[in-house]
1. Compute the helix-to-body angle for 150-161: its Cα long axis versus the longest principal axis of the chain, expressed 0 to 90° and rounded to tens.
2. Output the pairs from Lys160/Lys286; Lys137/Lys185; Lys175/Lys200; Lys137/Lys204 with a Cα-Cα distance over 18 Å in this structure; if there are none, say none.
3. Take every Cα pair under 8 Å in the stretch 138-261 that's 6+ residues apart, average their separations, divide by the length, and report that relative contact order as a whole percent.
4. Run the helix sum for the chain: -39,500 (n - 2.57) per DSSP H stretch of 4+ residues, divided by residue count, reported at 222 nm to the nearest 500 deg cm²/dmol.
5. Going by average Cβ density within 10 Å per residue, which order do the peptides 166-176, 1-11 take, highest to lowest?
6. For Lys106 and Tyr3 in the same chain, what is the full-extension length gain: residue separation times 0.36 nm, less their Cα-Cα distance, in nm?
7. So what's the angle, to the nearest 10 degrees on a 0 to 90 scale, between helix 113-128 and the longest Cα principal axis of the chain?
8. Can you put Lys160, Lys137 in order of Cβ neighbours within 10 angstrom, beginning with the fewest?
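Since every read-out is calculated from the coordinates, none of them should be taken as a lab result. Everything numeric in this text was worked out from a predicted model, so none of it was measured. Reconstructed Cβ throughout: ideal geometry from the backbone, glycine too, with neighbour counts over all protein chains shown.
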Amino acid sequence: MPYAMRIYENGGPEKLRWEEVQVGAPGEGQVRVRSTAVGLNFVDTYQRSGLYQLPLPFTLGSEGAGVVEAVGPKVKEFKVGDRVAYTGPLGAYAEVLLRPADRLVKIPAGVGDTTAAAMMLKGLTAQYLLRRTYRVKKGDTILMHAAAGGVGQILCQWAKALGATVIGTVGSDEKAALAKKAGCKHVIVTSRENFVERVKAITKGKGVPVVYDGVGKDTFMGSLDCLSPLGLLASFGNASGAVTQFNPGVLAQKGSLFLTRPTLVTYTATREALVSAARELFAVVKSGKVRIAINQTYPLREAAQAQRDLEARKTTGSTVLIP
């Protein structure tokens, strides 16, 4: 029988259990996929720890790629042997799994399985942030926190390709080099620089029209201070912890600002939205304007160590787990 990484109680990485699972024939509207690569994401640690509460037990993992082994009744779009990728629902940390067909996309020629697995959640997140939450255009100056991370490197490259000037924050000089390579014109090392002061200096006091903040608690108020009047803060993650007890009156005081807490689930809720976003993502990757940096790989059975390294900020770019 195939194996999967299961969790029965919330806690640290030691709660992950590698065990055999039964995977039956696909039902109506389902496809059975043999995994070839699985993406690692910060949201996996939120779900494991209980920051994001989910019914227990469950199999972790939000994105992956694989080959179709079998298709269920009424599945017309896929056939055995197709290479496919997905983000959601949960269950990616598995050698074999059932997927709803309407949540799969075909991997185009020229894109490898490992690349596809590494870019579905992070790449589609970058897509909706750049193209829908705030539509970045030529001439914009934007701020991206954690610019050397998985979402950060994709978003910064894409924003540069769109003609924007990108300011990125990172935690170390090593990560600063990665952010520069990813298209940041200005890089702020937050361990020794005040990012609000630097953004104000770079923009000559104007601020930026949008801040993309996946860090959360540690950067939230400073991000608001970086915005120009009527600017938008897209708070899309909590890597440093959740933001609590926020007074919306602050938005008025700081210039009639906008605040959104977007999620990929909402932005890709329909089949049409998912396919359209994936098509745009695959196209920009195939063009070479965005390169997916897979800087670490681990065996899937060693997912606990991969999560430890992710939480300790020892990883950069994307990390892929190999079944």
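1. It works out to around 60 degrees.
2. Numbers: Lys160/Lys286 16 Å; Lys137/Lys185 16 Å; Lys175/Lys200 22 Å; Lys137/Lys204 20 Å.
In this structure, Lys175/Lys200; Lys137/Lys204 lie more than 18 Å apart at Cα.
3. Numbers: 253 pairs, mean separation 25.1, N = 124.
Rounded, it is 20 percent for the stretch 138-261.
4. -8000 deg cm²/dmol
5. Numbers: 166-176: 21.5, 1-11: 16.6.
Highest mean packing first, the order is 166-176, 1-11.
6. Working: separation 103, 0.36 × 103 = 37.08 nm, distance 2.43 nm.
Contour length minus Cα-Cα distance gives 34.6 nm.
7. Result, in degrees: 40.
8. On the way: Lys160 18, Lys137 11.
Ascending number of Cβ neighbours within 10 Å: Lys137, Lys160.
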